[in-house]
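The values are calculated or read from the model by the stated rules, or taken from the named source; none is laboratory data. Owing to the predicted nature of the structure, the values given are computational and were not obtained by experimental measurement. Neighbour counts run over all protein chains shown; Cβ positions are idealised from the backbone, glycine included.
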Amino acid sequence: MIVSASYRTDIPAFYRRWFLARLADGYCRVANPYGGPPYRVALTRVAADGFVFWTRNVAPFTAALRAVETRDQPFVVQFTATGYPRVLERSVIAADEAIAQMRMLATDFGPRVVVWRYDPVVLTKLTPARWHRENFARLAARLHGLCDEVVVSFAQIYAKTRRRLTRAAQDEDFAWWDPPADEKKALLGQLGDIAGAHGMALSLCAQPALLVHDARPARCIDSARLSDVAGRVIDAPIKGNRKGCECARSRDIGSYDSCAQGCVYCYAVSNPIKAVRALRGHDPDRDMLAPEITEKSKCETR
């Protein structure tokens, strides 16, 4: 089984001690985000074929990566770096630091370990299509040779996302919008051309209706990439977690409403204050990252 850590929260940035403790004990329990009892995920060498880490700041997690490496468990890092204005990403490290960290990963662990995520693409008065083209080109040029894939997608506008974006726009005096499909496709085509010029394939995460030109469906949990890193075959069937997702089968060990990066467009956080409280109240010695989901907490996340 491939372990995802985690598309629900930034474990590398905030929860290194918990992950290392769980790795030593060989398992963790995970709060079921849909209610019901928590589930157990084995993390032993035999049970966990490899890891996919999702982060915006891997520096606090370097010791954990070394620990995984010494156990002969391959890993891939899905590293998000967008360079957005601070009003959209309140606590994210600067793009310069993110690029330096990706360079470290490529140098120390190999370029196949690193996947750049320019995700999600958010259109605002501060970040219109022209801004994205120029910003993406600057980042791609600096990442040339460090990775071979960039994953993109447009922001999914859930009710909680709409509320947070609208509140931020009112507070900071900017406008945001969800562009029509033809505008999204035009921008994706341009980003794909830029990515190709810098030795990267552009893949699109779970939005098949927007696929254009040479863009391909993303496999963020990618058994083929993990196999390349491991130097052996890691076989896992395709089993996406939503329509259009082509990820390999995996188990995610994170928890919603526990990431304190402060991105106003984030689908995984309903309330940034709640996320900060979760981080501050976190017990790294507990076998579960977050408390069990109750009927009350389910209502709070809607």
If you check residue 69 against the conditions, is it in contact with a Phe, Trp or Tyr (Cβ under 8 Å, 6 or more places away or on another chain), on the phi < 0 side of the Ramachandran plot and surrounded by fewer than 18 Cβ atoms within 10 Å (Cβ to Cβ)?
yes
Under the condition of being aliphatic (A, V, I, L, M) and surrounded by fewer than 16 Cβ atoms within 10 Å (Cβ to Cβ), which residue from the stretch 231-245 is farthest from residue 211 (Cα to Cα)?
233
Every residue from the stretch 77-115 that is of a type outside the set (S, T, N, Q), modelled with pLDDT of 95 or more, within 22 Å of residue 192 (Cβ to Cβ) and touching an Asp or Glu at 6+ places or on another chain (Cβ under 7 Å):
112, 115
Take the residues in the stretch 128-162 that are polar (S, T, N, Q) and buried (at least 20 other Cβ atoms within 10 Å of the Cβ), then tell me which one is farthest from residue 197 (Cα to Cα).
161
Quick one: is residue 188 touching a Phe, Trp or Tyr at 6+ places or on another chain (Cβ under 6 Å) and over 30 Å from residue 50 (Cα atoms)?
no
Restricting attention to the stretch 54-96, and to residues there that are without any contact (Cβ under 8 Å) to a residue 12 or more places away in the chain and under 24 Å from residue 140 (Cβ atoms), which single residue is nearest to the chain's Cα centre (by Cα)?
94
In the stretch 33-53, what residues are of a type in the set (Gly, Ala, Ser) and at pLDDT 95 or above?
42, 47, 48, 50
Residue match in the stretch 246-255 (condition: surrounded by fewer than 23 Cβ atoms within 10 Å (Cβ to Cβ) and more than 27 Å from residue 17 (Cα to Cα))
yes
Give the number of residues within the stretch 232-256 that are in contact (Cβ under 8 Å) with a residue 60 or more places away in the chain and more than 19 Å from residue 116 (Cα to Cα).
10
Residues of the stretch 230-274 being assigned to a loop (DSSP other than H, G, I, E, B) and of a type in the set (Val, Ile, Thr), which ones?
233, 234, 253, 264, 269
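Check 226, 188, 289, 211 and return the single one that is more than 18 Å from the chain's Cα centre (by Cα) and buried (at least 19 other Cβ atoms within 10 Å of the Cβ). Give the steps one after another, and end with the answer.
On the way: 226 fails: more than 18 Å from the chain's Cα centre (by Cα); 289 fails: more than 18 Å from the chain's Cα centre (by Cα); 211 fails: buried (at least 19 other Cβ atoms within 10 Å of the Cβ).
After ruling out the rest, the residue left standing is 188.
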Search result, residues across the stretch 267-302 that are of a type in the set (D, E, K, R), modelled with pLDDT under 80 and farther than 16 Å from residue 163 by Cα
292, 295, 296, 298
Cβ-Cβ distance below 9 Å, separation of 6 or more or different chains: which pairs start in the stretch 199-221 with a residue that is in contact (Cβ under 8 Å) with a residue 60 or more places away in the chain and end on one that is aliphatic (A, V, I, L, M) and assigned to a loop (DSSP other than H, G, I, E, B)?
205/218; 218/206; 220/206; 221/236
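Confirm whether residue 106 is more than 16 Å from the chain's Cα centre (by Cα) and either surrounded by 21 or more Cβ atoms within 10 Å (Cβ to Cβ) or within 26 Å of residue 279 (Cα to Cα) (or both).
For residue 106, the condition - more than 16 Å from the chain's Cα centre (by Cα) and either surrounded by 21 or more Cβ atoms within 10 Å (Cβ to Cβ) or within 26 Å of residue 279 (Cα to Cα) (or both) - is not met.
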Restricting to the stretch 35-64, what's the tally of residues that are under 25 Å from residue 93 (Cβ atoms), surrounded by fewer than 20 Cβ atoms within 10 Å (Cβ to Cβ) and of a type in the set (A, V, I, L, M)?
2
